[in-house]
Amino acid sequence: MTQEVSPIPSPQQEENQIIAERRAKLVALRQKGNAFPNTFRREHLTTALHAQYGGQSKEALEESPISVKVAGRMMLKRVMGRASFATIQDMSGRIQLFISNNDTGETEHTAFKHYDLGDILGAEGTLFKTKTGELSIRVNRLQLLTKSLRPLPEKFHGLTDQEQKYRLRYLDLITNEDTRRVFTVRSKIIQAMRDFFVARDYLEVETPMMHPIPGGATARPFITHHNALDMQLFLRIAPELYLKRLVIGGLEKVFEINRNFRNEGISTRHNPEFTMLEFYEAYQDFTHLMDFTEEMLRTVAQTVLGTTIVTYQEREINFSRSFARMTITQAIMKFYPEYTEVQLNNRDFLVNRLTALNINYNSNDDIGGLQLSLFDNTTEHLLFEPTFIVDYPAEVSPLARRNDHNPEVTDRFELYIAGREIANGFSELNDPEDQATRFMEQAKAKDAGDLEAMHYDADYIRALEYGLPPTAGEGIGIDRLVMLFTDSPSIRDVILFPQLRPEE
């Protein structure tokens with residue numbers, strides 16, 4: 001006689017069974033009344049309780065009982081007959097609850113035994129310390145506020161699949177303290193940057209996110225359509241041209257923390273939707289911006305992290321030191337001393353090296369553009385210490401002012417840290433005729449097939465003709481800066497909801 005062996009249920013079958021059981025509990029709750037009450041009002045956060053009372057002795061808490069009222073998600077649960085323990089988690093941290101027949105009452109304690117991990121509870125009681133010295137709450141009133149219908153990830157160590165962490169960010173935040181820390185730090189970085197500018201008399205402004213002409217950067221835009229106006233619009237690739245219109249209008253120190261959209265590839269450094277800080281100040285130049293940027297990053301690091309020394313991928317970055325400054329060719333020669341300055345200013349040599357290294361380049365580029373292609377593909381990733389790269393070629397800098405001594409380059413820099421571009425700034429081009437010529441060159445490049453080249457913006461030229469004062473402007477990638485300050489290897493780690501392919 002053969003014995004039938006029941007098949008082992010799959011993880012999905014087990015999860016479906018758990019969900020079914022929880023839905024049955026919800027049905028029972030609905031039969032008793034409102035299953036999702038909204039009458040409980042929290043009065044205390046867990047971390048504040050630990051900070052204020054964690055240092056008090058067991059005896060002191062018994063002599064002067066402290067009444068508290070907390071709420072949060074149940075993350076741990078231990079049932080032991082006439083008494084039980086639970087740990088709830090709120091926006092600030094965790095605290096342990098003690099539920100017993102004597103304090104809470106047998107009815108509420110019995111109901112608690114049927115609660116599930118992930119349920120959201122409200123609890124009132126008094127603080128005490130356990131035999132092991134853990135600050136806890138002796139509960140006298142417990143209420144189920146929200147029934148969780150799906151189980152939390154196993155063991156509460158957070159999601160293990162990296163893509164699921166990004167796709168199910170809400171679960172990642174519930175179960176992963178490091179993730180919550182990253183986004184708390186992100187918020188503090190943005191606030192510290194905002195405070196830095198406001199303290200220096202900058203005005204925070206907002207500019208359009210839908211543009212009739214994409215401008216302010218060389219990038220491929222997303223295209224949309226406005227039905228009522230029956231017109232094509234482009235999602236913002238940069239706010240630059242609108243911010244400079246404001247400087248023309250007399251708002252001489254402006255900044256915007258803005259969302260930009262670029263129809264480009266996705267990588268550890270790129271997301272099609274990202275956050276930038278852009279700021280402009282009249283009567284300054286790009287050298288001022290470099291000093292200003294150093295001061296800002298030091299201030300933000302000290303304010304948010306409490307130190308100017310940041311560890312990124314096991315290497316230290318000291319923001320208290322002066323940042324290095326070098327040209328594109330100087331940077332290449334630093335890491336590749338076999339190249340000479342004469343060679344790097346020879347077009348044939350550059351073409352041969354780019355071809356030998358299998359690096360794509362624009363065959364119409366002059367020496368400056370070819371140098372930049374070599375730099376981008378061989379040197380950029382080696383710039384770990386904060387470094388300003390200066391003197392960018394005019395042919396790849398359509399909005400920057402030409403250098404007075406060498407019109408082939410512009411008064412522009414890019415800041416690199418940990419091998420990534422963090423900021424781009426320059427003395428603004430305020431010559432309307434030069435700007436019109438450069439727009440025409442960009443338009444020709446677009447007609448020739450360059451999808452990232454700029455359009456000709458006639459209204460911006462008209463604005464320039466009213467007079468833009470000498471101005472310095474800069475954009476800083478907030479996502480990449482947060483990566484640095486939180487030791488995050490991918491931009492997806494610092495964007496709450498990064499762009500992903502649809503789920504299968």
**Item:** Y456 accessible area, 1.4 Å probe, all protein chains in place, Å² to nearest 10
**Value:** 80 Å²
**Request:** Express as a percent, rounded to the nearest 5, the fraction of DSSP beta bridges in the chain (both residues included) that run antiparallel.
**Result:** 90 percent
**Complete:** Residue-normalised 222 nm signal for the chain, counting each DSSP H run of n ≥ 4 as -39,500 (n - 2.57), nearest 500 deg cm²/dmol, is -10500 deg cm²/dmol
**Request:** Provide the solvent-accessible area of E465, counting protein heavy atoms only and rolling a 1.4 Å probe, rounded to the nearest 10 Å².
**Result:** 130 Å²
**Item:** Among (1) 1.17; (2) 1.09; (3) 1.04, the entry derived from the coordinates for Rg/Rh (Cα atoms, Kirkwood Rh)
**Value:** (2)
**Asked** In sequence order, what are the phi-derived ³J(HN,Hα) couplings for region 459-473 according to the Karplus relation 6.51 cos²θ - 1.76 cosθ + 1.60 with θ = phi - 60°, rounded to whole Hz, with x for glycine and proline?
**Response** 5, 5, 4, 4, 4, 4, 5, 7, x, 9, x, x, 9, 10, x
**Request:** Order L229, L399, most accessible first, counting only protein heavy atoms with a 1.4 angstrom probe.
**Result:** L229, L399
**Prompt:** Which whole-angstrom value gives the distance between the alpha carbon centres of region 353-373 and region 450-464?
**Reply:** 26 Å
**Exceeding the 31 Å Cα-Cα cut-off - candidates K253/K446; K58/K188; K244/K446** = K253/K446; K58/K188
**Item:** Pairs of Lys in region 75-159 closer than 20 Å at Cα, counting only those 8 or more apart or on different chains
**Value:** 8
**Item:** the chain, relative contact order [Cα under 8 Å, separation at least 6], %
**Value:** 12 percent
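The values are calculated or read from the model by the stated rules, or taken from the named source; none is laboratory data. What you are looking at is a predicted structure, and each value in this text was computed from that prediction instead of being measured. Only protein heavy atoms, including side chains, enter the accessible area calculation; ligands, DNA and RNA are left aside. Shrake-Rupley method; radii C 1.70, N 1.55, O 1.52, S 1.80 Å.
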